[in-house]
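J.: Have a look at this one.
Read the figures in this text as sums done on the coordinates, not as results from a lab. Keep in mind the model is a prediction, meaning the values are calculated, not measured. Methodologically, a virtual Cβ is constructed for each residue, glycine included, from the backbone with ideal geometry; neighbour enumeration extends over all protein chains shown.
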Amino acid sequence: MAPQRLRVLGVLVLLSTLSLMAAPAAARGCATAANPCPRDGTVCTDIDAAPRWKCVCAPGYQPVTNLRGNRLSCVVAPSPPPPPSPDALRPFAVGLWGDLPYSVLQATVGMPNLIADMNAHDLAFTVHDGDLKQGSNSPCDNAMYAQALGFFNQLKAPAAFTPGDNDWVDCDRANNGGFNSLERLDYERELFFSTSFSLGQNQIQQEVQTAPLCPRYSATQPYPLGPCPENRRWVHNGVMFMTANVQGSCNNLCDTNPDPEEFAGRNAANIAWLNETFAAAKAQGLAAVMIISQANPGFDLADTTRAPTRDPQTLVQAPGQPADGFFDWLVAVRANTIEFARPVAYVNGDSHYFRVDKPLLDKNGKRIQWFTRVETFGDNQNTGNTDVTWLKVNVDPSSREVFSFVPMLVPNNIPTDYAARRMLRA
């Protein structure tokens, strides 16, 4: 090639290079479209260095997706809940009692003294954990329930109640009048649980298990299903409280007329209520949960005289005992307690042996340290017919353990010889 032509080609190449250097860069990503993300709440973002983009939710917005996980739009994100005010976590006290009264003397002397003593304390509310009378030789007639309603409504603080086996399961015993047990439970539901409010002179509104899960009385089976209005929950100053209809007499699977159909429906309802309660407590960020029911379900092999015994790791009941009406319930209690990982108090009556202990183990045999079982006093006529007492629970939602427990010996109910000795020592 002639030198002149080479010089011309070189000049052309140089001019072309300078032209490219002077031209603006090709548009990439979001800049290639005039309005790539027209929907409200969306902004465009480039994908790496390729001429591609995607629309994402702008700050302060959150995506709305369909069942397949595809984003449909962006909506304004809800504001985070404000931190609880100091008043919302202020300490308070609760009164627990149950398995009372068991005699005429307890009803006429011990109970008025107990009610006066509880009324003298500043209590947020009280809870009776079931058994309004002794288990045998005491009719389940309407007068007994009316007497109990009168006691509850003498309490100044809101009064909650969960039924006990002596109130309905064992009412089919001949010496209790030979009633139909389920009919007596339905009567309790009408008398004590006809509204969403507690009992007592001052009342609180409670959340009620309204789903039609519980068998209701019928002369023929299968039973119709209806709400379980005795199962309730409420939140007070950052702590969840719930009641569940869990019964002695093997949870209605043993004693005079076992009723597997009634048990199965109520047991499933109780477990559903428990699961929902813990889910609500977790979603609300509550400090603790207290479960209140009647039966002592037995947690281990230690208490052979007062409760069913069971392997504490598997929760399977030990051989040679009546039907186990508590296995599924305890499995659910343990699973929810482990997942919640905050203080859980399990309150029961039934075996009349006051205790505060930690009997619940995980499947590996490790103690679940944030679980505390509390058994209320109940009747103990060996120390006098007026041995009618209650338990005060001090609740501090901002404290590490949340719950602490103080036995309250009603001064006027202490047996005479003990009272005289106490006075001498004073």
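J.: Highest mean first, how do 395-403, 123-131 rank when packing is the count of other Cβ atoms within 10 Å averaged over residues?
T.: Highest to lowest by the protection proxy: 123-131, 395-403.
J.: Related question: Given a Förster distance of 35 Å, report the FRET efficiency between THR304 and ASN175 from their Cβ-Cβ distance, rounded to the nearest 0.05.
T.: 0.85
J.: Further question: Starting with the fewest neighbours, write out SER138, SER404, SER181, SER249 ranked by other beta-carbon atoms found within 10 Å of each beta-carbon. Don't skip to the end; give the middle numbers.
T.: Details: SER138 21, SER404 14, SER181 27, SER249 24.
Lowest count first: SER404, SER138, SER249, SER181.
J.: Further question on the same structure: Order of 261-269, 346-354 by packing, highest average Cβ count within 10 Å first? The partial results should precede the final answer.
T.: Numbers: 261-269: 19.8, 346-354: 21.8.
Ranked from most to least packed, the peptides come out as 346-354, 261-269.
J.: Another question, then. Using a Förster distance of 22 angstrom, determine the FRET efficiency expected from the C-beta separation of GLU339 and GLN313, and round it to 0.05.
T.: 0.75
J.: Residue separation times 0.36 nm, minus the C-alpha to C-alpha distance between CYS254 and VAL331: what's the value?
T.: Fully extending the segment from CYS254 to VAL331 adds 25.7 nm.
J.: Just to confirm my numbers, what's the Cα centroid distance between the stretch 95-155 and the stretch 324-372 in Å?
T.: 27 Å
J.: Testing the spin-label approximation: label points 7 Å from Cα along Cα→Cβ at ASN412 and VAL104. State their distance in nm.
T.: 2.0 nm
J.: To the nearest 20 debye, what charge dipole does the stretch 86-425 have about its Cα centre, counting +1 at the Cβ of each Lys and Arg and -1 at the Cβ of each Asp and Glu?
T.: Roughly 1080 debye for the stretch 86-425.
J.: Between ALA323 and ASN275, what length in nm is gained on full extension when 0.36 nm per residue of separation is reduced by their alpha carbon distance?
T.: 14.9 nm
J.: Also, quick follow-up: Pick out, from GLN284, THR210, THR314, the residue whose Cα sits farthest towards the positive end of the charge dipole of the stretch 194-337, with +1 on the Cβ of Lys and Arg and -1 on the Cβ of Asp and Glu.
T.: Looking along the dipole axis, the top candidate is GLN284.
J.: Starting from 0.36 nm per residue, how many nanometres of slack lie between CYS44 and GLU207 once their C-alpha separation is accounted for?
T.: Result: 54.1 nm gained on full extension.
J.: Modelled label-to-label distance, ASN119 and GLN221, 7 Å Cα→beta-carbon offset: nm?
T.: The modelled label-to-label distance comes out at 4.5 nm.
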